[in-house]
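The values are calculated or read from the model by the stated rules, or taken from the named source; none is laboratory data. The structure displayed is predicted, hence computed values, not measured ones. Cβ sites come from the backbone with ideal geometry, for glycine too, and all protein chains shown count toward neighbours. SASA here: full protein model, heavy atoms, side chains in, ligands and nucleic acids out. Shrake-Rupley method; radii C 1.70, N 1.55, O 1.52, S 1.80 Å.
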Amino acid sequence: MGTLEYNSSRPAIDIEDVTLAHLKIVIGTKLRRNESFMMTWLPKPEVPSGRLTIWVHPSIPLVLEFDQPTVATIDAKRVTHMMEQLNSRGELVLDQL
């Protein structure tokens, strides 16, 4: 289980390494293009119900930490699906990946 830390203002988001590897590609692609977007996820089970959304912008620090030292196998179809979902909605919804 890896983590995504964004802007250090909230606790890190726990994300499986394989999903995090795919997110790294999608987020990196958008930020290289200077394209900002929203990202939404369900909080940890021990946190009260509700959804969290952040605005992802190239100027805000982002740290992706993987538990495994090896690079996860990337599924190009999954990356394409994630990009299509993000581009069509303007929002990346982590629990629907």
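For the chain, what is one quarter of the convex hull surface built on the Cα atoms, given in nm²?
With every direction weighted equally, the projected area is 6.3 nm².
If the only charges are +1 at each Lys and Arg Cβ and -1 at each Asp and Glu Cβ, what is the size of the charge dipole of the chain around the Cα centre, to the nearest 20 debye?
About 380 debye.
Leaving ligands and nucleic acids out of the surface, order 92, 52 by accessible area at 1.4 Å, largest first.
Correct descending sequence by accessible area is 52, 92.
Per residue, how large is the accessible surface of the chain? Use a 1.4 angstrom probe and give square angstrom.
For the chain, the solvent-accessible area averages 63 Å² per residue.
For the range 58-97, report the translational diffusion coefficient in µm²/s to the nearest whole number, using Stokes-Einstein at 10 °C, 1.306 mPa s, and a Kirkwood Rh over Cα pairs.
Details: Rh = 12.4 Å.
Calculated translational D: 128 µm²/s.
What value, in deg cm²/dmol to 500, does the helix sum -39500 (n - 2.57) over DSSP H runs of n ≥ 4 give at 222 nm once divided by the residues of the chain?
That calculation yields -10000 deg cm²/dmol at 222 nm.
With a 1.4 Å probe and all protein chains left in place, how much of the accessible area of the chain comes from carbon and sulfur atoms, in whole percent?
Of the solvent-accessible surface of the chain, carbon and sulfur hold 53 percent.
At a Förster radius of 25 Å, what calculated FRET efficiency corresponds to the Cβ-Cβ distance of residue 87 and residue 40, to the nearest 0.05?
Efficiency computed from Cβ-Cβ geometry: 0.95.
Along the charge dipole of the chain, pointing to its positive end and built from +1/-1 on Cβ of Lys, Arg, Asp and Glu, which listed residue (88, 60, 39) has its Cα farthest out?
88
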